[in-house]
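Working notes, beginning with the structure itself.
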Amino acid sequence: MRKTKEAFVLKYRFLAFCFLFFQTGSFFTCRTSEESKKETVGGLKEFDREFEKRIYQISPGIYSAVGYGIANSIFITGKDGVIVVDTMDDLKSAEQVFTEFRKISDLPVKAIIYTHSHPDHIFGGPVFARGSSPIIYAHKDLKANVERLASETAIAVGSRSARMFGNYLRKEEVENVGIGPYQGYTASTKIDFLPPTKTFEDRLSVKAAGIEMELIHAPGETDDQIYVWLPEQKTLLMGDNFYKSFPNLYTIRGTWFRSLKNWYRSIDLARSLKPEFVVPSHGRPLSGAKEIYGILTDYRDAIQYVHDQSLRGINLGLHPDDLVEFVKLPKHLASSPYLQEVYGKVSWSVRSMFAGNLGWFSGDSSELEPLTRKEQAALFSELAGGKDILVTIARRKLEKGEYQAALQLSGYILRIDPENRDGKEIRIRSLRSLGEGNENANARHYYLTEALEIRDDFVAKLQVKPSPELLKRYPLSVFFSNLSARLDPVKSADLQGKVSIKFTDTGEEFTVHLRRGVAEIEERISENPNILVYANSQVWKEMLVRLTNPATALRSFEYRKGSLLEFVKFLGNFSLQQEPKLPYSVGK
């Protein structure tokens, strides 16, 4: 009787303890030991098995090609045709995948669906459409976002992308890219894009090849992200809103702000459908409604945790550097095999939350008008007692294994003396040490590539060139927008005038009004331009991207007012072949 009473008291105290925690804002559930067990977590190398080249059959009629490129392509067979979801990152990988798909079915392709606008999902489209006349489905914003890939920041994003994906590294230096196998773009890579023919905003019910589908807008990694829901098969295709890694809530190649709230709400939408199968566009498919629900719950909780705690820290007045230390995933999320930081990183996401919500200013008055990077370097050199002592300190940090400190100090040394051999050596060794020991694919490749750039004296950039066919699909407005962002303000400081171009094959008209360091673009012919040129739009595009020799292209144009020489002088005010610089040397 006494033991029974003690057991009752203990149980009552435990329930009271739970109630008090709930009332004070701490809710928890008591998990069994089985529920708490987690899959063994491996490093980046262990993720290779996630990307073994294989065609997975998810359920009858649904297949996913994993390991043929960074992203997957998904194949759905119907009564009188097939559906392809995502078309790989280039024409070669698309050919490999479609050859495998054709072993499953040779029925015509009735529909192609793009889950979103990232290059690794869209640039093999013509291969899958060959011999068929598919309807191409996508969100209404996809085409504009594809055009943004060639926007004003394309040079910078291309350079950073080449580092992030390890395009210049030896194959043995690249384990994988975190969400797929190594597939580096090279000068021989061929890409093309088929624009969507049917778009939607929120939801679209589709029946293709006898298959009922719901296309659902689900903003996350991109604003144009969509889900493909097959209700009869209880199968959900999630695009890039879910993959086996902590999500890339911010990408170091550079992008516009990704809303964390939209992302976790889109995962809530996925949970609400209670799928029995989930097919991501990176990595292996998942099965089992209960397991999927639990995995997606942890995934969305990790995103909301970073979102909410970042805002909490922001409202406490924390500097971005301190915010990174403030926001750490709780243990049960950090230990999840689906939230390892092999692709995205919590710290990068936290910084993005600050910048995306408050902008660049940290709130510290000293950062309103900070010293230039060169002035900061001079100050550090002075504090150290001179450049030579700064080099000694940096080398000491390197030898002690304090690689981040050595890396930052090397930046100061090289901004004072860009050709300093000791500074370069310290920087290269620091970068390699930080890269070789890094389990995040993006960070690893970025560190190792910059080390290679310094050693071999080059700057990474995307080597792939657009095909003439791809250029045809990009509007002229994109090229003129880029032109204005490449105007040299020094060369054009005292210039004023108007240059009009009429494109005879399309009927489009543009005027560039050069006004003392600014190039205003108008989509019309000026009433009284200084120069009037009649040109072919395709030749103009190919000239700007160096597919056609500029001298040959310029001679093919007709000069209705002004001369070839005057037009060449006008173009000389623009950095048409602008080259990026190494990160440490920018602003030196």
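The values are calculated or read from the model by the stated rules, or taken from the named source; none is laboratory data. Computed from a predicted model, the values in this text were never measured in an experiment. Here the Cβ is made from the backbone with ideal geometry for all residues, glycine too, and neighbour counts use every protein chain on show.
Can you tell me which of Arg160, Arg148 is of a type in the set (D, E, K, R), surrounded by fewer than 19 Cβ atoms within 10 Å (Cβ to Cβ) and within 25 Å of Pro247 (Cβ to Cβ)?
From the options Arg160, Arg148, the qualifying one is Arg148.
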Looking at Lys374 and the list (1) among the basic types (Lys, Arg); (2) in a helix (DSSP H, G or I); (3) modelled with pLDDT of 95 or more, which single condition is not satisfied?
(3)
Close pairs (8 angstrom Cβ cut-off, 6 or more residues apart or separate chains): closer than 22 Å to Lys581 by Cβ in region 390-415, outside any helix (DSSP H, G or I) and at pLDDT 95 or above anywhere:
Ile413/Asn420; Leu414/Asn420
Hey, could you check region 164-215 for residues that are free of Cβ contacts under 8 Å to residues at least 12 places away in the same chain and assigned to a strand (DSSP E or B) and say which is nearest to the chain's Cα centre (by Cα)?
Ser205
From the options Gly385, Gly401, Gly411, residue that is in contact with a Pro (Cβ under 9 Å, 6 or more places away or on another chain) and in the same structural domain as Glu425 (by TED's automatic domain parsing):
Gly411
Checklist (1) over 23 Å from Val157 (Cβ atoms); (2) in contact with a Pro (Cβ under 7 Å, 6 or more places away or on another chain) applied to Val459, failing item
(1)
Strands (runs of 3 or more DSSP E) (entirely within region 509-581) containing at least 1 residues that are among the acidic types (Asp, Glu):
509-515, 519-522, 558-561
Specify which of the listed residues (Lys79, Lys110, Lys92) is part of a strand (DSSP E or B), assigned by TED's automatic domain parsing to the domain that holds Thr235, at pLDDT 95 or above and over 18 Å from Gly239 (Cβ atoms).
Lys110
Residues being modelled with pLDDT of 95 or more, closer than 13 Å to Gln233 by Cβ and in a strand (DSSP E or B) - total across region 44-63
4
Within region 115-124, can one find any residue that is in contact with a strand residue (DSSP E or B) (Cβ under 9 Å, 6 or more places away or on another chain), in contact (Cβ under 8 Å) with a residue 12 or more places away in the chain and farther than 26 Å from Asn442 by Cα?
no
Region 562-585: number of residues that are surrounded by 12 or more Cβ atoms within 10 Å (Cβ to Cβ), of a type outside the set (A, V, I, L, M) and within 24 Å of Gly517 (Cβ to Cβ)
11
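Of all residues in region 399-457 being part of a loop (DSSP other than H, G, I, E, B) and among the polar types (S, T, N, Q), which is surrounded by the most Cβ atoms within 10 Å (Cβ to Cβ)? Break it down into steps so the answer makes sense when it comes.
Going residue by residue through region 399-457, those that are part of a loop (DSSP other than H, G, I, E, B) are 400-402, 417-420, 437-440, 457.
In the following step, the residues that additionally are among the polar types (S, T, N, Q) were identified as 420, 438, 440.
Numbers: Asn420: 18, Asn438: 19, Asn440: 23.
That would be Asn440.
So in region 93-142, with the set limited to residues that are hydroxyl-bearing (Ser, Thr, Tyr) and surrounded by fewer than 23 Cβ atoms within 10 Å (Cβ to Cβ), which one is nearest to Leu204 (Cα to Cα)?
Ser133
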Pairs only if they're at least six apart or on different chains, beta carbon under 8 angstrom, first in region 294-320 and under 20 Å from Asp364 (Cα atoms), second of a type in the set (Asp, Glu); list them, first residue then second.
Gly313/Asp322; His319/Asp364
